[in-house]
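For reference, the structure discussed in these notes is given below.
What follows draws every value from the coordinates through simple rules; no lab data is involved. Since we're looking at a predicted model, the values are computed, not measured. Heads up, the Cβs are rebuilt from the backbone with ideal geometry, glycines too, and the neighbour counts pull from every protein chain shown.
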Amino acid sequence: MFLINCPYCGERDQQEFKAGGEAHIERPKQPTELSDDEWAEYLFMRKNIKGIQFERWNHAHGCRKWFNMVRDTSNDEIKLIYKMGEKPPSD
Amino acid sequence: MSENLRVKFSEYIDETIRVSFKFNGKTYHGFKGDTLASALLANNVHLVGRSFKYHRPRGIMTAGSEEPNAIVQVNDNTNRTEPNVRATEVEIYEGLEASSQNCWPSVNFDIGGINNLISTFIPAGFYYKTFMWPSNFWEKYEYFIRHTAGLGKSPTKKDPDIYDHKNIHCDVLVVGAGISGILAAKNAAKNNFKTLLVDEKNELGGATIYQNREFNKIDNESSSDWLKKEINELKNIKNLEIKTRTSIAAFHGYNYLLGRENLTDHLEKKEKHNQIRQRLLKIRAKKVILATGALERPLVFNNNDRPGIMLSSAVKKYADFFGVKCGKQNVFFTNNDSAYESALCLYNKGIKVNAIIDIRDNSNSKIVKAVEKAGIKIHWSHTVVDTRGYKRLNSVSIMKLSNDGMIVTGNKINISCDCLGIAGGWTPAVHLFTQSGGKLKFDEENKVFLPNKYPSDQISVGSCRGDFKLKEIINNLSINLKEFLKIEQVDFDKINVESEKENSKINIWLLPSDKAIGKTKPFVDYQNDATAKDIKLALREGFKSIEHVKRYTTTGMGTDQGKLGNMHALGIIADTTGVKMGELGTTTFRPPYTPLTFGTIVGRNVGEFFDIFRRTPMNDWHIQSKAEFENVGQWKRGWYYPANGETMHQAVQRESKAARESAGILDASTLGKIDIQGSDASEFLNRVYTNAWSKLAIGKCRYGLMLNEDGMVYDDGVTTRLGENHYIMTTTTGGAANVLGKLEDYLQTEWPELDVYLTSVTDHYATASICGPNSKKILNKIIPNLNLSDENFPHMSFKEAQIDKIKCRVMRISFTGEHSYEINVQASYGKSLWDKCMEAGKEFNITPYGTETMHLLRAEKGFIIVGQDTDGTMTPIDLQMDWIVSKKKYDFIGKRSLYRSDTIREDRKQLVGLLTDDPNIVLDEGAQIVSELNQNPVQMLGHVTSSYFSPNLNKSIALAVVRGGKNMMGKKLFIPMENKTINVTVANPVFFDEDNARLNA
């Protein structure tokens, strides 16, 4: 059971949060310009890494804000939490 | 049986309070402080159960929660009955009733015992291999197997007890109140850490309390006396909370632990009344100190499971702690010095010890010398090769071990005994550590798995980290505590500890016998009756991974999770395959450490609190009107309103006719309502709905369809423009929360530049929907000053109005196809709004209708219900709703997916109407549809999604999804049912009032 440091509310129990899948997958600005394959890449393809993964989380039973999390899926260690719109760390 | 096996009363037994209890129907006496196990042993009862597979007589093996054999059913034949309770953990109280499990008709004469005689034919995997054929016979086999197997009976009635949950936040949690745990907790609390100390037993002190007094000394006192003084001091320490009878069941990530606090199980029946029985503790600790100790290992040899064979430490604990001698003729069998401690303890109490059998060839430790001095015969380099006594051990046979320990030689010696204490060394209790994600390392020298890498802010101290000697425990505890708590000193830095320095041992995982292994019964997992033979069989059959061997032999899969035998299983696999134990790894220890009752897990969330219900402000009226309710999401919705003993069908037919012929009223308060404001509100709706919104005039309503990005229909509802930058969106009842979540997601993550604010107002409004040809007249009576002419208030428009002084929002919208109005008021006025509607509608026989009639009426009109006629694979095109998909808009959620190669396939399932050839037959929802009856295999074209008998059309109607259905208008299809085939014709899904004339009637 994670203890998640919501960037708006502070440390809260995992029960208050909802996981929202892989982060930094931007919705294409001009979907109509895309081929089926390109659109499918956005729509379906997710990495599901064992190890360091960038994820979206939502404080659903709290401030309802979305934010980003860097998590090691092999041991559930939360490496970093940062707000939506902020750039992911490069290393 | 009444002979007194008490030796000397220890301070933990209150001999002034005699307690009577029943076991297997017979009354026994014990004393306050006894466990069921100690009291039975004092009554010379060793035989307490039958084994799982072979139904072999089994006795009490341990004195703790690791007990594999003595698992009993308590409070049998009551609604408090509980199976799989360890007799070693049950504290007796006046009136306790317990009985043996897994035996019939009785533990003394058990029919299943025949399995033991034919056990050669029941190897590992027997059930998998044997009952495979013939396959349709499984039900018959199962009936027999279920009756002869199984551990205990679950209660058949509602649990009458109260359970509770409690959240605890602490700086330091210490698990285990042995000497390490006590000293750790005391020093943490003294250094201003808010500390919680828990122990599964009722007394603090762990094993130190009954440790050998001669050889373990602190400051020249026996370690147990010294520790008792420490325990006495604990109550004066601030910041320290102690919970006994509290077992930690699970250790999850981020130092989140679940504990079970047992509050009343040890109390007399009358004291239990109305008390919380058990409490689930949800503990979030900043730091965790595990001081869970170590479990003594048995030895694996032929027939090592007879009643009377016990762990050596248990024999000692029963004598020392409970004052009970487990046998009159005791023998110990060991590979280390631990058994000597037990032997000496018994000797000092005047209990006879006949011999010690040691697989080592010598030991020079002080304790061994003391045993020699006491004149107890030691058989060095010997092993037990067999034991005798069916329901109680009566003798053991021993033989000399070869130098390599692989075979036995020489003559067999028989030694009579009624109790054999076995000592195979110690296994650190690393279960909680591994549950938390900790990685173990294997210590080849001592053959133990030890904590290696801590996944969170935690440490293991004492014997669970591999320190077994008192001196080493105290020294390491001091070092580790200082580092872990970042403190300068601990209060036990200056104590002088004396303890034995060494405990040499040799490990032979499977001890040889003079018989071939196939003829022996060396049990590894007592509870699941898995022997070394089974493990070797599994390996011969090709299972290599420890996880596979475990599942095939069921080793370690009992309620005790193989706390005693898992290491032997690993050792035997390692020896047989030639792989190092450290490389084999262990199986996964899973929570709970000891079993939990369901009551503890659910706590107060039972009955009506199991899941919350949402009720509309008109709920009381529905109840008074004898409505049948339907659960929609978390809402309780009126389903139908049977009058004068009507059946559901009759009620729905009556309600449906009334709504079309005069007036009906529906409680629509449950529909999701989202208030949308902001200068970009129109643009936002353009992006989330398939149709266009920019040109919707203020005061107008529009139906909208929302897709997922994959193009599939997600939700629908009517949205009304209240002002330039103000909309109110309605969603389906069940979808409201998800729709809000989805809209917020897009706003925050994809379109943060939009100026839009969303607020859920579902609970803020109560909604009455009145429909039917007389709805206009009724509304006119309620709000006389509102101009209801079609010019002023046309279909799909909105007015603000007042009923008396109460503001209301009225929408002229329709889900039934009738002229209808939705009146919204502040939720607290919902009941009076409803009463007013009923009063005004009286002369028109206004008829309340529920969700079933609503579904029927909309089906007559061919309106979809998201989630009933759609299932997450339907596009608007599939639903023949092309009209709602804007061709002009550049983008909206899901647009691009509507022309993916898959979504434009002609043979997708599409929504159609179905009419049965016989208009009286109502199809089953979910029934499969085919076009050819004599196909093999038959090809399913789709299924019926909605089906009703329409009283307004006087025939059966249905909606269905059918492959390529769009182009099948008028085609005959078939619905094969169990006993008949129903002929149907594909029809237009709009069955009633196709030109919408009634909307404006």
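Summary table
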read-out	value
Principal axis box of segment B:431-588, alpha-carbon based, largest edge first, Å	59, 34, 28
Of B:Lys186/B:Lys286; B:Lys328/B:Lys505; B:Lys201/B:Lys439; B:Lys657/B:Lys955, those spanning more than 19 Å from alpha-carbon to alpha-carbon	B:Lys328/B:Lys505; B:Lys201/B:Lys439
Karplus-derived 3J(HN,Hα), 6.51/-1.76/1.60, for each residue of segment B:616-631, Hz, glycine and proline x	7, x, 8, 4, 4, 4, 4, 5, 4, 8, 6, 5, 8, 9, 10, 7
Long-range amide H partners of B:Asn354 with built H, under 5 Å	B:Asn330, B:Val331
Hull-based mean projected area of the protein assembly as shown, where the convex hull spans the alpha carbons, in square nanometres	51.8 nm²
Whether segment B:312-405 is rounded, prolate or oblate, judged on the alpha carbon gyration tensor where a/c under 1.5 counts as rounded	oblate
DSSP loop chymotrypsin sites (Phe, Trp or Tyr not before Pro) with at most 12 other Cβ within 10 Å excluded, longest remaining stretch of chain B	B:110-609
Under-5 Å amide H pairs with B:Tyr757, H placed in peptide plane, nonlocal only	B:Gln677, B:Gly678
Shape call, segment B:614-764: gyration tensor on alpha carbons, a/c limit 1.5	prolate
For segment B:667-857: span of alpha carbons on each principal axis (Å, largest first)	54, 33, 30
Interchain or long-range residues, amide H under 5 Å from B:Val174's placed H	B:Leu196, B:Leu197, B:Val198, B:Ile289
Net charge, B:Ser395 excluded, C-beta distance under 12 Å - Lys, Arg +1, Asp, Glu -1	+2
HN-Hα J in Hz across segment B:987-994 - Karplus 6.51, -1.76, 1.60, θ = phi - 60°, x for Gly and Pro	9, 4, x, 8, 8, 10, 6, 4
Cβ crowding within 10 Å averaged over residues, with B:403-416, B:553-566 ranked highest first	B:553-566, B:403-416
Convex hull volume per residue in cubic angstrom - Cα atoms of segment A:1-63	115 Å³
Residues B:Gln826 and A:Glu22, FRET efficiency given R0 of 51 Å [Cβ-Cβ distance, rounded to 0.05]	0.75
Taking chain B and dividing mean pair separation by its residue count, relative contact order in percent (alpha carbons under 8 Å, at least six apart)	9 percent
Long-range Cα-Cα pairs in segment B:587-634 (distance over 17 Å), rounded percent	59 percent
Note, ³J(HN,Hα) from phi for segment A:60-71, Karplus 6.51, -1.76, 1.60, rounded to Hz, x at Gly and Pro	4, 9, x, 7, 6, 8, 8, 8, 9, 9, 9, 10
Relative contact order %, segment B:309-424, counting alpha carbon pairs below 8 Å whose residues are six or more apart	33 percent
√(5λ) per eigenvalue of the Cα gyration tensor, chain B, largest first, Å	72, 33, 28
For chain A, cysteines whose Cβ has no other cysteine Cβ within reach (under 4.7 Å)	A:Cys63
Shielding of B:249-256 by partner chains, average beta-carbon count, 10 Å	4
Cα-derived Rg over Rh, computed across segment B:358-470 with Rh taken as Kirkwood radius	1.10
Segment B:508-606 shape via C-alpha gyration tensor axes, a/c threshold 1.5	prolate
Cβ-based net charge around B:Leu510, under 11 Å, with every Lys or Arg adding one and every Asp or Glu removing one	+1
Cβ neighbours within 10 Å from other chains - mean over A:64-71	2
Which of B:Pro773, B:Ser820, B:Leu754, positive extreme of dipole for segment B:681-821 (C-beta unit charges)	B:Pro773
Percent antiparallel among DSSP beta bridges (both partners in chain B, rounded to 5)	75 percent
Aspartates and glutamates with Cα under 12 Å of B:Lys153, excluding same-chain neighbours fewer than 8 positions away	B:Asp76, B:Glu82
Difference of contour (0.36 nm per residue) and Cα-Cα distance, B:Asp457 to B:Glu541	25.9 nm
Rel. contact order, % - alpha carbon contacts under 8 angstrom, at least six apart, segment B:260-344	19 percent
Alpha carbon centroid spacing (whole Å) that separates segment B:55-81 from segment B:429-497	32 Å
Euclidean distance between Cα centres, segment B:657-688 to segment B:321-395, Å	82 Å
Cα-Cα over 31 Å, subset of B:Lys190/B:Lys469; B:Lys194/B:Lys494; B:Lys217/B:Lys486; B:Lys22/B:Lys519; B:Lys26/B:Lys352; B:Lys742/B:Lys861	B:Lys22/B:Lys519
10 Å Cβ neighbours from other chains, averaged over peptide A:27-40	4
Ranked by how many other beta carbons lie within 10 Å on average, peptides A:71-81, B:307-317 from highest	B:307-317, A:71-81
Label-to-label distance, nm, for residues given as B:Glu683 and B:Glu498 (7 Å Cα→Cβ offset)	8.7 nm
Spacing of the two label points (7 Å from each Cα toward its C-beta) at B:Glu268 and B:Asn362, in nm	6.0 nm
